Amino acid sequence: MLVACATFLLLIAGALVTSNDAGLSVPDWPTSFGSLYKLPRMVGGVKFEHGHRMVAELVGLLTIILAVWTWRVDRRGWVRKLGIAALATVVAQGILGGITVLFYLPPAVSTAHATLAQTFFCIVVVLALVTGRGWTEAPRMELAESHRLPLTRLATVAAASVYVQLILGAGFRHSGIKLLPHLVSAIVVTTLVLWTITRVLASYGSVAALRRPAVVLMALLVTQLGLGFAAYLTRVQWGQDAVQPEMPMIVSTVAHVAVGALVLASAVVLAMQAWRHMGRAQENKAISPSHLRKAVNA
């Protein structure tokens, strides 16, 4: 949970760099103005860019501790591998961040840097989820599924659509793609997420493991739509001729990025809970006697 919270702060720090056009305020990497340890004067864009690097170093250190700790104490092989994946991802993220500076913010690399940041955030959120008592000590339920499209698949598709939407948003912020794909994707994402939330609340509203992330996701989705409209007004409509980023644009854009990360994390948690409590029941259904008889007759 500590690493997840620190990563969320890192996402905000990165959004502050982009929103303030401070990406090249520190022109070298891995050093800062030629030094690995001296603190530069935290003025102008330097306070955003170097501050971002400082938070990133803290997250990297915490991730090393988390990966080693998980490998030593957790008996589940897939969780141990997830800890190693978190470490590999944060290393790759640092390298991508350096490349963006050395090659003067190429749109494709900057977009990949933002995308990998969201990926890493999801990994550490999942680690926080599956190492918590609510996961390790609570019994696994086998909830019945009566719909042709199982909730597990619907929730997974919804989470994947949010992920794609964040990629399109990162591409737009870094001037790699147009705004239209991001707007069209927002309609698709809203539809899928609302469909998933409605299914959960209508069919499994009494199951806290599913209801809670669904309610949180609903609140975050509404907030994100409002922030997206605010970011469009302040960035595209009102701020397109601004000489430098103005405060309304910075606040709305950073908030939009931050809440977007929370939307993705909540969607991933909901999908994980759906697979945990419904996946086994679907497997049993898939190999039920009626299915076996049909297979034999065929």
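Read the figures in this text as sums done on the coordinates, not as results from a lab. Given the structure is predicted, the values throughout are model-derived calculations rather than measurements. FYI the Cβ positions are ideal-geometry reconstructions off the backbone, even for glycines, and counts take in every protein chain you see.
Tabulated data for the structure shown
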quantity	calculated
Low-density loop cleavage sites - trypsin sites (Lys or Arg not before Pro) in the range 122-153, where at most 13 other Cβ are within 10 Å (DSSP)	140, 148
Dipole in debye (nearest 20) - the range 1-138, about Cα centre, beta carbon charges: Lys, Arg +1; Asp, Glu -1	400
For the chain, size of Cβ-based charge dipole, Lys and Arg +1, Asp and Glu -1, in debye	1100
Descending semi-axes in Å of the range 137-270, equivalent ellipsoid built from Cα gyration tensor	33, 14, 11
Whole-Å distance, taken between Cα centres, linking the range 218-278 and the range 17-62	24
Spatial separation of Cα centroids for the range 105-121 and the range 122-155, in angstrom	27
